[in-house]
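For reference, the structure discussed in these notes is given below.
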Amino acid sequence: MNWRKSLFVAAALLATSAQTFAQDNLINALNNNVSDKSKEGFVFTELINLGNTSIKDQGSSGTCWAYSGNSFLESEMIRQGKKPVEISPIFTAYYTYLEKSKNYVRLHGNQAQGEGGQLHDVLTIFRKFGAVPQETYTGLREGQTRNNFAEMSSILQGMNANIVKNKKLTPEWQNAVKGVMNAYLGEIPETFEYNGKTYTPRTWADQVVGINPDEYIGISSFKEYPYYKPFVLLIPDNWSFESFYNVKMNELTEVIDHALENGFTVAWATDVSEKYFSWKNGIAFVPEKDFDKMSKEEQANLFNGPKPEAQITEELRQLAFDDYSTTDDHGMHIVGLVKDQNGKEYYIVKNSWGASNDYKGYMYVTKEFVKYKTLTILLNKNGLSKEITKKLGLK
């Protein structure tokens with residue numbers, strides 16, 4: 001996160017690590033980005049709205065990537081004609097934190113910790129450990145209604161930091177990490193009942209969810225790297241040093257459009273810490289005029305209907321990443337497309353902050369915002385156009 005941003009963004013950083021911030025603090029900061037009667041100012045016409053499961057609330061936990069990634073897999077099941085299920089994001093988070101701890105120790109502590117992750121972590125955990133239904137593993141203890149990872153995360157980080165100080169490690173340190181998570185989240189079930197049958201996480205993932213992790217691809221766009229080649233995205237939460245295919249900036253939205261038009265949703269990692277991202281109003285765009293140069297009246301009415309947008313270039317996008325103006329804040333799920341009363345198109349974006357905004361948990365985000373602030377996208381390879389598939393050298 002960029003510590004040089006304005007104070008309203010800095011207030012969102014009261015989280016358990018420098019890489020992720022708790023949902024409640026972030027929402028409180030973003031709720032300053034509000035205009036009165038915003039919903040009355042926009043008239044949206046639905047163009048595409050693909051199948052997706054119910055809105056979730058990640059609570060006070062930095063697990064947006066697990067929620068959005070699993071929401072994406074749930075939509076993949078719907079697309080394939082399967083009965084939709086609710087996949088446990090906390091199961092994904094549990095094993096991600098264990099795997100992240102292993103990397104942290106192997107790198108002698110020279111890696112970021114924290115609650116954050118990447119969209120591809122959902123596939124990594126699915127491949128290695130399987131998955132379970134949400135009803136089977138919620139991570140909630142008695143009396144809890146929302147996840148809160150603050151205390152657990154602090155203990156895990158301190159424990160891992162002390163572990164790497166030892167000159168020689170025993171295998172027991174991994175059991176200690178599991179023990180902390182078991183205490184706060186509950187133990188992962190070895191077997192469980194689902195619709196009258198007994199499953200393990202492996203068999204439920206394979207037989208019920210039934211997706212193939214090898215069918216999915218991560219894509220990004222930075223002019224710093226060769227186009228149409230894979231590169232390792234250097235951000236703290238890419239703890240597994242995953243590679244992404246690099247495309248040109250305008251191709252990011254072309255890829256998303258082609259996917260949506262052909263029935264494929266897209267998981268989306270982005271920066272949401274801007275004054276022109278309003279969670280409460282459910283709108284994100286890039287205003288033509290810099291926010292700090294607006295009058296108070298212009299600022300107050302920023303989201304009260306469509307406004308002219310800045311035109312984003314590859315140079316602006318790269319600069320924003322290099323000077324920390326664009327940071328890896330949040331993961332969401334793109335499920336459709338609308339147009340406003342002026343004909344401008346917006347993506348329908350499913351969030352994991354509960355149904356607490358004007359659009360009951362969804363947002364409308366312009367293509368210029370997506371071009372400017374996207375870190376990565378994740379989608380099924382079959383959702384790519386033939387042209388992009390050929391450019392990337394994929395079969």
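Every number in this text was worked out from the coordinates using simple rules, so none of it is lab data. Predicted, not measured: the structure shown is a model, and the values here were computed from it. Positions of Cβ are generated from backbone atoms using ideal geometry, with glycine treated the same way; all protein chains shown enter the neighbour counts.
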Point to revise | Hey, MET181 touching a helix residue (DSSP H, G or I) at 6+ places or on another chain (Cβ under 6 Å), surrounded by 13 or more Cβ atoms within 10 Å (Cβ to Cβ), assigned to a helix (DSSP H, G or I) and among the aliphatic types (A, V, I, L, M) or not | key: yes
**Study point:** Spans of helices (runs of 4 or more DSSP H) in region 285-395 with at least 1 residues aromatic (Phe, Trp, Tyr)
**Key:** 314-322, 367-373
Point to revise | Qualifying residues in region 76-93 (those that are outside any loop (DSSP other than H, G, I, E, B), over 15 Å from the mean Cα position of the chain (by Cα) and in contact (Cβ under 8 Å) with a residue 40 or more places away in the chain) - the one surrounded by the fewest Cβ atoms within 10 Å (Cβ to Cβ) | key: ARG79
Exercise for review: Inspect region 338-347 for any residue being surrounded by fewer than 21 Cβ atoms within 10 Å (Cβ to Cβ), within 25 Å of the chain's Cα centre (by Cα) and among the β-branched types (Val, Ile, Thr) and give the result as yes or no.
Suggested key: yes
Point to revise | Total residues in region 188-221, condition within 29 Å of PHE241 (Cα to Cα) and without any contact (Cβ under 8 Å) to a residue 24 or more places away in the chain | key: 2
Exercise for review: Would you check which residues across region 128-149 are outside any loop (DSSP other than H, G, I, E, B) and within 19 Å of the chain's Cα centre (by Cα) and list them?
Suggested key: ASN148
Study note, to complete from the structure: Scanning region 162-178 for residues that are among the hydrophobic types (A, V, I, L, M, F, W, C) and surrounded by 13 or more Cβ atoms within 10 Å (Cβ to Cβ), the one farthest from THR145 (Cα to Cα) turns out to be VAL164
Review point. Within region 115-127, how many residues are more than 9 Å from TRP239 (Cβ to Cβ) and either out of contact with any helix residue (DSSP H, G or I) (no Cβ under 7 Å at 6 or more places or on another chain) or assigned to a loop (DSSP other than H, G, I, E, B) (or both)?
Key: 4
Review point. Does ILE235 satisfy the condition of being of a type in the set (A, V, I, L, M), closer than 30 Å to LYS395 by Cα and part of a loop (DSSP other than H, G, I, E, B)?
Key: yes
Check your understanding: Within region 269-280, is there a residue that is within 19 Å of the chain's Cα centre (by Cα), in a strand (DSSP E or B), under 21 Å from ILE219 (Cα atoms) and in contact (Cβ under 8 Å) with a residue 24 or more places away in the chain?
Key -> yes
Exercise for review: Would you tally the residues in region 308-334 being out of contact with any Asp or Glu (no Cβ under 7 Å at 6 or more places or on another chain) and more than 18 Å from ASP271 (Cα to Cα)?
Suggested key: 0
